[in-house]
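Student: Can you read through this structure? Questions will come right after.
The values are calculated or read from the model by the stated rules, or taken from the named source; none is laboratory data. The structure displayed is predicted, hence computed values, not measured ones. In this analysis, Cβ positions are derived from the backbone assuming ideal geometry, glycine residues included, and neighbour counts consider all displayed protein chains. Note: areas computed on protein heavy atoms with side chains; ligands, DNA, RNA excluded. Shrake-Rupley method; radii C 1.70, N 1.55, O 1.52, S 1.80 Å.
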Amino acid sequence: MKFFRLLAYDYKNGFRVGTVKLLVMVLFVVAFCIDFYYRKHVTYSFDEVIPSGTFIDYLFSIFAGIKEYTPSKEENFIIPVKWLLLHLFICYSTLYYPFRDLSSMGLNILVRTKGRLTWWFSKCIWNVSYVLTMYGVILITVFAFCLITKEPISLNITRMFVTDLLQPGDIHETLSFNLVYIILFYPLLILISLNLLQMTLVLIFKPLYSFVVVTVIWLTSAYLFSPFLPGNYAMVIRSEYVIQKGLSASEGMVMFLFLVSVSLIFGSLYFRRYDVLGEE
């Protein structure tokens, strides 16, 4: 079986088993949009006119996360439920297909493909493609919600929403347009990198334990403000373009490239010696 035939096989089967999850993602995003729409109306209910939220405002609210947490007796750590649920659901959505496919194919993988690396890189491409599709569903759903509620389809960020609803802390007086790129791309990049890392860990720890490891990374990233924890770069509210001492976009790109490189290289090397018969 040639590489592109194997890739077509993965697209067909991987997306078939993940179709329901794409529909669930639509429901999640609609709920998140309704939440932002409702909070906006409650917060500005005494104003003469309720300010409109733009397309990018809604995306910002979904990917915002929480501000840096400083442990103290006066302030408890509040888990960013929306942010965490979204990212964990996408990670869970890519968790089982490669493992189940390997278990079902067994020894045939060595006969029908031109080596183990063909199978591995096909699964990596499927993984990235599925995450991209999930992300596309998010964008399309927010776009449709804005059309239905007649909110502006715009990339203009409303600063007062950031300060009043998201409360990031030491925010800049003006928000750079570069923040739009952070909102649109950095959560996606971190999702791709952690999904590939998770797929690599599945070879070692099996799916459930791999998912636990990735969950710990997301939770720890929310609790600790650190450039060494990748989840921080998926929290838009912690960006250097939002707060005074925020995380650097360039460091986020380095983290993305590092995780992807480690996952692809280590995964391919490990899979070359992987006990396929054991899985069969």
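Student: In region 183-192, is there at least one residue being open to solvent by 60 Å² or more (accessible area, probe 1.4 Å) and over 20 Å from the mean Cα position of the chain (by Cα)?
Tutor: The answer is no; no qualifying residue exists.
Student: Any residue in region 218-225 that is farther than 29 Å from residue 154 by Cβ and assigned to a loop (DSSP other than H, G, I, E, B)?
Tutor: Yes; the residues of region 218-225 include at least one that is farther than 29 Å from residue 154 by Cβ and assigned to a loop (DSSP other than H, G, I, E, B).
Student: Let me ask another. Is one or more of the residues making up region 238-255 surrounded by fewer than 15 Cβ atoms within 10 Å (Cβ to Cβ) and among the hydrophobic types (A, V, I, L, M, F, W, C)?
Tutor: For region 238-255, residues surrounded by fewer than 15 Cβ atoms within 10 Å (Cβ to Cβ) and among the hydrophobic types (A, V, I, L, M, F, W, C): present.
Student: Taking region 73-88 as the search range and keeping residues that are open to solvent by 50 Å² or more (accessible area, probe 1.4 Å) and part of a loop (DSSP other than H, G, I, E, B), which one is farthest from residue 166 (Cα to Cα)?
Tutor: 73
Student: Open to solvent by less than 30 Å² (accessible area, probe 1.4 Å) and either in contact (Cβ under 8 Å) with a residue 24 or more places away in the chain or assigned to a loop (DSSP other than H, G, I, E, B) (or both), is that true of residue 210?
Tutor: When the stated conditions are applied, residue 210 passes them.
Student: Report yes if residue 28 is within 18 Å of the chain's Cα centre (by Cα), aromatic (Phe, Trp, Tyr) and under 26 Å from residue 123 (Cβ atoms), otherwise no.
Tutor: In short, yes.
Student: Quick one: which of 121, 143 is within 22 Å of the chain's Cα centre (by Cα), assigned to a helix (DSSP H, G or I) and closer than 16 Å to residue 25 by Cβ?
Tutor: From the options 121, 143, the qualifying one is 143.
Student: Does region 161-182 hold any residues that are among the hydrophobic types (A, V, I, L, M, F, W, C) and more than 20 Å from the chain's Cα centre (by Cα), and which are they?
Tutor: 161, 162, 165, 171, 175, 177
Student: Touching a Lys or Arg at 6+ places or on another chain (Cβ under 7 Å), within 15 Å of residue 242 (Cα to Cα) and either in contact (Cβ under 8 Å) with a residue 12 or more places away in the chain or part of a helix (DSSP H, G or I) (or both): is that true of residue 65 in this structure?
Tutor: It is true that residue 65 is touching a Lys or Arg at 6+ places or on another chain (Cβ under 7 Å), within 15 Å of residue 242 (Cα to Cα) and either in contact (Cβ under 8 Å) with a residue 12 or more places away in the chain or part of a helix (DSSP H, G or I) (or both).
Student: Sticking with this one: Is region 197-206 home to any residue that is buried (at least 22 other Cβ atoms within 10 Å of the Cβ), in contact (Cβ under 8 Å) with a residue 12 or more places away in the chain and in contact with a strand residue (DSSP E or B) (Cβ under 7 Å, 6 or more places away or on another chain)?
Tutor: No, region 197-206 contains no residue that is buried (at least 22 other Cβ atoms within 10 Å of the Cβ), in contact (Cβ under 8 Å) with a residue 12 or more places away in the chain and in contact with a strand residue (DSSP E or B) (Cβ under 7 Å, 6 or more places away or on another chain).
Student: Follow-up question, since we're still on this one. So residue 56 fits all but one of (1) of a type outside the set (Gly, Ala, Ser); (2) open to solvent by less than 50 Å² (accessible area, probe 1.4 Å); (3) over 15 Å from residue 138 (Cβ atoms); what number is the exception?
Tutor: It fails just one condition, (3).
Student: Let me ask another. Residues in region 258-280 that are part of a helix (DSSP H, G or I), at pLDDT below 85 and open to solvent by 100 Å² or more (accessible area, probe 1.4 Å): how many?
Tutor: Residues flagged as part of a helix (DSSP H, G or I), at pLDDT below 85 and open to solvent by 100 Å² or more (accessible area, probe 1.4 Å) within region 258-280 amount to 2.
Student: Please work out which residue is nearest to residue 84 (Cα to Cα), limiting yourself to region 28-63 and to residues that are out of contact with any helix residue (DSSP H, G or I) (no Cβ under 9 Å at 6 or more places or on another chain) and aromatic (Phe, Trp, Tyr).
Tutor: Out of the qualifying residues, it is 38.
Student: Name every residue in region 171-204 that is among the polar types (S, T, N, Q) and more than 19 Å from residue 94 (Cβ to Cβ), in order of residue number.
Tutor: 174, 176, 178
Student: So which of 54, 43 is touching a Cys at 6+ places or on another chain (Cβ under 8 Å) and at pLDDT 85 or above?
Tutor: Answer to the check: 54.
Student: Sticking with this one: Do we find a residue being farther than 24 Å from residue 122 by Cα and of a type outside the set (Ser, Thr, Tyr) anywhere in region 194-209?
Tutor: No, because not a single residue in region 194-209 is farther than 24 Å from residue 122 by Cα and of a type outside the set (Ser, Thr, Tyr).
Student: While we're on this one: From the residues in region 138-170 that are farther than 23 Å from residue 89 by Cβ and polar (S, T, N, Q), which one is surrounded by the most Cβ atoms within 10 Å (Cβ to Cβ)?
Tutor: Here the answer is 158.
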